[in-house]
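Undergrad: I have a structure here, written as C-alpha cells, and I will follow up with some questions on it.
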Amino acid sequence: MAPVRTIAFVGLGNMGMPMAARLAAAGFALALYDKRPEAARAFADAHGGRVAATAADAAHGADAAITMLPNDAIVREVVLGEEGLAAGLSAGAIVIDMSTSDPRASVKIGQALAARGLHYVDAPVMGGVVFARDGSLDVMVGGNDADVEGCMPIFAAIGWQVFRCGAFGAGHALKALANYVNAGALVNLIEALAIGRKFGLDSKVMADAMQHMCTGRQHPLDKKVIPQVLTRKFSTGMALGLIAKDVGIAADFGRSIGAMTPLADCLSQIWRQGEREIGGAADQTEIAKLWEKANGVTL
C-alpha cells in the first residue's frame, strides 16, 4: 500500500465535518462528497478541498477513501454502488469505513473490495463530536496489519489511541460492544437514580456517592474484570451470594414502592441463577462463568 496523500472523504455530517477538518489541517488533500452538496461546498470554503459530484468522482486519483455514514447499508451503496468509491479508485487504494456499521456487513464489503484489487479496513471511532474537533478520538481497527500500518498517519490526525482489533469487521464489532456497555451503564444508572428519588433520596447526593463508589478505581472493569476475571484469580473476597442478596434487595424494594425496575429484576434473576449454578460461596467475579459456559469461551 502506497503512502496516503489524497483522500476521498464521504459523509460530512456532525462527526465527518470535524474529522475531515483535522485531516485537512494535517496536510492531506481532500476530495469531498456528501449527499448534501452544500455541506461539501461549505467545508471546501472553510478548509479547502475539491468538491465532487459523486463518490466515484471523489475517488478518482485518491490513495484512500474514508466513509463516515449512518449505517452499513448506506456504506455498501457508497462503496460498491454504480457511482460508488470502488468505481473510481485505482487498484491498490484503500477504503476506510469509520462509520458505526454491522461487522458482518464489513466482512462482506472487505471481501468484495479485495476481489477488485482494493484494500479495506473498518475503523470506527469513539468519543463524539467534541473529541472529533480536538483530534482525540479512539479508533478501533479491523484489517490486515500492513493496511492498518499504512493508515496510521490518518488515524494520528484524528485520534489519540488506536486499538488493533483483528481481521475485517473486528473494529466494528468492538465499537458496537463498547456502545452496548456504555448504553447499559447509562440506563442502569438512570434506573438506580429514579428508584432512589422515588424512595426520597436526593439526586445530587446519589450522583456524588456513586461517582466515588462506582467509577474510577471502583469501576468493575478496573477493579474486577481485568485483575480478577481475565487473570482467573476470582479472589475479590466478596461472595457471589452476597451480591445476589444485595441486587435482590434493590429490585424488591424498588418494586415495593412502585418504581420501574426492569433492569434490577433482570439482574436479580441473573445473580440468583449464578448462585444456583456456581454457588453462593464462590467469588462474585465467577459470575462470568455463566457467560463462558453458555458461549463456549474463556474470557
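Undergrad: Kindly check whether there is at least one residue in the range 199-213 that is more than 19 Å from the chain's Cα centre (by Cα), touching a residue at least 24 places away in the same chain (Cβ under 8 Å) and surrounded by fewer than 19 Cβ atoms within 10 Å (Cβ to Cβ).
TA: Yes, the range 199-213 contains at least one residue that is more than 19 Å from the chain's Cα centre (by Cα), touching a residue at least 24 places away in the same chain (Cβ under 8 Å) and surrounded by fewer than 19 Cβ atoms within 10 Å (Cβ to Cβ).
Undergrad: Among (1) over 15 Å from the mean Cα position of the chain (by Cα); (2) in the same structural domain as Ala58 (by TED's automatic domain parsing), which single condition is Ser106 missing?
TA: Evaluating Ser106 over (1) over 15 Å from the mean Cα position of the chain (by Cα); (2) in the same structural domain as Ala58 (by TED's automatic domain parsing) leaves (1) as the failure.
Undergrad: Against the condition hydrophobic (A, V, I, L, M, F, W, C), part of a strand (DSSP E or B), within 25 Å of the chain's Cα centre (by Cα) and at pLDDT 95 or above, how does Ile66 come out, does it pass?
TA: So Ile66 fits the description; yes.
Undergrad: Separate question: Out of the residues in the range 5-60 that are β-branched (Val, Ile, Thr) and surrounded by fewer than 21 Cβ atoms within 10 Å (Cβ to Cβ), which is nearest to Gly135 (Cα to Cα)?
TA: Of everything passing the filter in the range 5-60, Thr6 is nearest to Gly135 (Cα to Cα).
Undergrad: When you scan the range 172-180, do you find a residue that is more than 30 Å from Asp97 (Cα to Cα), without any contact (Cβ under 8 Å) to a residue 24 or more places away in the chain, in a helix (DSSP H, G or I) and not assigned by TED's automatic domain parsing to the domain that holds Ser99, even just one? Don't jump to the end; show me each part of the working.
TA: Going residue by residue through the range 172-180, those that are more than 30 Å from Asp97 (Cα to Cα) are none.
Scanning the range 172-180 turns up no residue that is more than 30 Å from Asp97 (Cα to Cα), without any contact (Cβ under 8 Å) to a residue 24 or more places away in the chain, in a helix (DSSP H, G or I) and not assigned by TED's automatic domain parsing to the domain that holds Ser99.
Undergrad: Scan the range 177-198 residue by residue and report those that are surrounded by 15 or more Cβ atoms within 10 Å (Cβ to Cβ) and either touching an Asp or Glu at 6+ places or on another chain (Cβ under 8 Å) or farther than 20 Å from Ala259 by Cα (or both).
TA: Correct list: Ala178 only.
Undergrad: For residues that are touching a Gly at 6+ places or on another chain (Cβ under 8 Å) and in a loop (DSSP other than H, G, I, E, B), tally how many sit in the range 135-148.
TA: Result for the range 135-148: 3.
Undergrad: Looking only at the range 92-103, filter to residues that are within 21 Å of the chain's Cα centre (by Cα) and outside any helix (DSSP H, G or I); which one of those is surrounded by the fewest Cβ atoms within 10 Å (Cβ to Cβ)?
TA: Looking at the filtered set, the residue picked out is Asp102.
Undergrad: Report the residue count in the range 109-134 for those that are assigned to a helix (DSSP H, G or I) and either among the basic types (Lys, Arg) or outside the structural domain of Ile66 (by TED's automatic domain parsing) (or both).
TA: 1
Undergrad: Take Gly258 and tell me if it is in contact (Cβ under 8 Å) with a residue 40 or more places away in the chain and on the phi > 0 side of the Ramachandran plot.
TA: When the stated conditions are applied, Gly258 passes them.
Undergrad: A further question on this structure: Report, ordered by the first and then the second residue, all pairs with beta carbons closer than 6 Å, sequence separation of six or more or different chains, a first member in the range 265-285 that is touching a residue at least 40 places away in the same chain (Cβ under 8 Å), and a second member that is assigned to a strand (DSSP E or B) and crowded, with 16+ Cβ neighbours inside 10 Å.
TA: Final answer for the pair search is Ala281/Ala239.
Undergrad: Okay, moving on. Does Ile195 count as hydrophobic (A, V, I, L, M, F, W, C), closer than 18 Å to Thr285 by Cβ and either without any contact (Cβ under 8 Å) to a residue 24 or more places away in the chain or in contact with a helix residue (DSSP H, G or I) (Cβ under 8 Å, 6 or more places away or on another chain) (or both)?
TA: It is false that Ile195 is hydrophobic (A, V, I, L, M, F, W, C), closer than 18 Å to Thr285 by Cβ and either without any contact (Cβ under 8 Å) to a residue 24 or more places away in the chain or in contact with a helix residue (DSSP H, G or I) (Cβ under 8 Å, 6 or more places away or on another chain) (or both).
The values are calculated or read from the model by the stated rules, or taken from the named source; none is laboratory data. None of the values given here were measured: they were computed from a predicted structure. Using ideal geometry, Cβ is built from the backbone for each residue, glycine included, and neighbour counts are taken over all protein chains shown.
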